[in-house]
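**Student:** Sharing a structure here in structure tokens format.
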Amino acid sequence: MLKRLPGYGLGWAPNRRIIAIAVGLACLLALAAAAAIFTGRGNRPHAAPPVPPPEHGSASPTGQPPSESGTVAGPPRISDPVEFAKAAAKMLWSYDTRTTSQAQQLAGMEAWMTKESEYGDWASVSAQIPDPVLWSRMADQKQHASATIAEGHYPAAFKQALSEDPAAITKAFIYAVTVTGKQTITWAGGGGAEDRSITLAVQCRPSADCTLVAIAPRVAP
């Protein structure tokens, strides 16, 4: 019997330890109060509604090569950490394998990243999508997803750390934000939806647009 595929965005955990963004108040000073919520390895996310595998000899969903730009939304010009994190979560939970290749998805996601390499953790972001082979099987089933955002907030641990040392944020202006919402996945002949939560580190320097820094391995309340 052929195995079913999980929905992209719900069933993949990072295959290696996420680079630590901050550990305690000392690292808060270095990484602008991201705190201990970005340490360690998280639990595997809940599995999504399964997607049936392609029939033998099935064709590509469109019969055409992917468009040059794909369908990954570009980063908005936002200076508010919570609003940017909400937009980033929606981007991460949305995809369309019918028009976007795995390489295009990665390129689109990377456009959201901070250009300050000492802070950015691309591994934690790129680990959110499957490898090219699995992406191709998802494309055979015309799998795509959309997202709606319910709310975003600063986690309690971040607010506590910041209250203990308000000046720490001025080092790199990195904020922790937890976002909740719903992801709806559709494929040929089926679909499903699930509530989602994610904690992001975003960088919002004064007089500059926000950028994505990292994804926490576990959700911070």
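The values are calculated or read from the model by the stated rules, or taken from the named source; none is laboratory data. Worth saying up front: this structure is predicted, and the values here are computed from it rather than measured. For neighbour counting, all protein chains shown are included, and Cβ atoms are generated from backbone atoms with ideal geometry for every residue, glycine included. The accessibility values were calculated without ligands, DNA or RNA, using every heavy atom of the protein model including side chains. Shrake-Rupley method; radii C 1.70, N 1.55, O 1.52, S 1.80 Å.
**Student:** For Val133, all conditions in the list (1) modelled with pLDDT of 95 or more; (2) under 23 Å from Gln143 (Cα atoms); (3) in a loop (DSSP other than H, G, I, E, B) hold save one; what is the number of the exception?
**Tutor:** Here Val133 meets the rest and fails (3).
**Student:** In the set Trp112, Trp122, which member is aromatic (Phe, Trp, Tyr), within 21 Å of Met91 (Cβ to Cβ) and out of contact with any Leu (no Cβ under 8 Å at 6 or more places or on another chain)?
**Tutor:** Working: Trp112 fails: out of contact with any Leu (no Cβ under 8 Å at 6 or more places or on another chain).
On inspection, the qualifying residue turns out to be Trp122.
**Student:** Identify, by number, the condition in (1) in a helix (DSSP H, G or I); (2) in contact with a helix residue (DSSP H, G or I) (Cβ under 7 Å, 6 or more places away or on another chain) that Ala89 doesn't meet.
**Tutor:** Of the numbered conditions (1) in a helix (DSSP H, G or I); (2) in contact with a helix residue (DSSP H, G or I) (Cβ under 7 Å, 6 or more places away or on another chain), the odd one out for Ala89 is (2).
**Student:** Between Asp80, Asp131, which is over 25 Å from Cys204 (Cα atoms), open to solvent by 10 Å² or more (accessible area, probe 1.4 Å) and among the acidic types (Asp, Glu)?
**Tutor:** On the way: Asp80 fails: over 25 Å from Cys204 (Cα atoms).
That would be Asp131, the only listed residue that is over 25 Å from Cys204 (Cα atoms), open to solvent by 10 Å² or more (accessible area, probe 1.4 Å) and among the acidic types (Asp, Glu).
**Student:** Identify, please: which residue in region 191-215 is among the charged types (D, E, K, R) and within 18 Å of the chain's Cα centre (by Cα) and is, among those, surrounded by the most Cβ atoms within 10 Å (Cβ to Cβ)?
**Tutor:** Residues of region 191-215 among the charged types (D, E, K, R): 194-196, 205, 209.
In the following step, the residues that additionally are within 18 Å of the chain's Cα centre (by Cα) were identified as 194-196.
Details: Glu194: 17, Asp195: 10, Arg196: 23.
By that ranking, first place goes to Arg196.
**Student:** Could you identify the single residue in Ala145, Ala167, Ala176 that is crowded, with 18+ Cβ neighbours inside 10 Å and farther than 16 Å from Trp93 by Cα? Before you say what the answer is, go through the steps one by one.
**Tutor:** Working: Ala145 fails: farther than 16 Å from Trp93 by Cα; Ala167 fails: crowded, with 18+ Cβ neighbours inside 10 Å.
Result: Ala176 is the single residue among Ala145, Ala167, Ala176 that is crowded, with 18+ Cβ neighbours inside 10 Å and farther than 16 Å from Trp93 by Cα.
**Student:** Another question, then. Check whether at least one residue in region 170-186 is assigned to a helix (DSSP H, G or I) and either at pLDDT 95 or above or not small (Gly, Ala, Ser) (or both), and report yes or no.
**Tutor:** Residues of region 170-186 that are assigned to a helix (DSSP H, G or I), as a first pass: 170.
With either at pLDDT 95 or above or not small (Gly, Ala, Ser) (or both) added as a condition, the list becomes 170.
For region 170-186, residues assigned to a helix (DSSP H, G or I) and either at pLDDT 95 or above or not small (Gly, Ala, Ser) (or both): present.
**Student:** Would you mind stating whether Lys115 is in contact with a Pro (Cβ under 8 Å, 6 or more places away or on another chain), open to solvent by 70 Å² or more (accessible area, probe 1.4 Å) and in a loop (DSSP other than H, G, I, E, B)? I'd like the intermediate steps shown before the answer.
**Tutor:** Values: in contact with a Pro (Cβ under 8 Å, 6 or more places away or on another chain): no; open to solvent by 70 Å² or more (accessible area, probe 1.4 Å): yes; in a loop (DSSP other than H, G, I, E, B): yes.
No.
**Student:** Further question on the same structure: I'd like to check something: does region 97-110 contain any residue that is open to solvent by less than 20 Å² (accessible area, probe 1.4 Å) and farther than 18 Å from Pro75 by Cα? Before the answer, list the steps.
**Tutor:** Applying the first criterion (open to solvent by less than 20 Å² (accessible area, probe 1.4 Å)) to region 97-110 yields 97, 100, 105, 108-109.
Those left that are additionally farther than 18 Å from Pro75 by Cα: 97.
Within region 97-110 (the criterion being open to solvent by less than 20 Å² (accessible area, probe 1.4 Å) and farther than 18 Å from Pro75 by Cα), the answer is yes, since at least one residue qualifies.
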